[in-house]
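Rule-based calculations on the coordinates, nothing more; no lab input. Here the structure is a predicted model, which means the values were calculated and not measured. Neighbour counts are summed over all protein chains in view; Cβ atoms, including those assigned to glycine, are modelled from backbone coordinates with ideal geometry.
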Amino acid sequence: DLRNKSDDKIIKLFRIGSIGPGHGLISLVKSFKYLPKNYHLILCGKIVDDKYFNNIKKKIIKKKISHQIQIINSPKRKKWENLLSNSDIGVALYENVNFSHKFMVGASQKLNCYIAAGLPVIAFKDKQFLRFHKKHKCCLLINGKNPKNMANTILRISKNKKMFKNLKKNSILTFQKYYNFENEIKKIEKYL
């Protein structure tokens, strides 16, 4: 059982963005009950829904996982960039709750930050991320919001050193080839 096998290296999952509904955060937090103690989660962002945030805090306490989860409310840019650069996996979970979440891949600033940092990206296995991963091979795709399934996917992929290394390499290549300013500006230069 992979959950019981922990090594000394801390595996840091990082998420930047508003702390509120629509981002799979409750399922993600619950998944840490099934992850070894060396897996840590850093949630950075503005708390936009106090009731939702309090629910997350209650889950952390109830599941006895506070040593694995750090929440930083409205961090300064320098702080979150430092945390990002020292992380292993980026979290971009978008529930299909509105139009922008349904088509977030092309507009997600957090996704862009993760691939620029060379992080594999955890995302829901939906149409947009299936297409993105098929093209770029840099995602850990989660099938649904079941916390145990999330944990198993995170473990399976992060424990497979070769696969994990390829995801990291593909993330940075995706940023360098496609999702950077120099490349994007070329698409509209002729209209300027």
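I'd like the full set of residues that are in contact (Cβ under 8 Å) with a residue 12 or more places away in the chain and surrounded by fewer than 17 Cβ atoms within 10 Å (Cβ to Cβ), limited to segment 37-51. Correct list: Lys37, Asn38, Lys46, Ile47, Val48, Asp49.
Across segment 16-31, the number of residues qualifying as closer than 13 Å to Ile47 by Cβ and not polar (S, T, N, Q) comes to 6.
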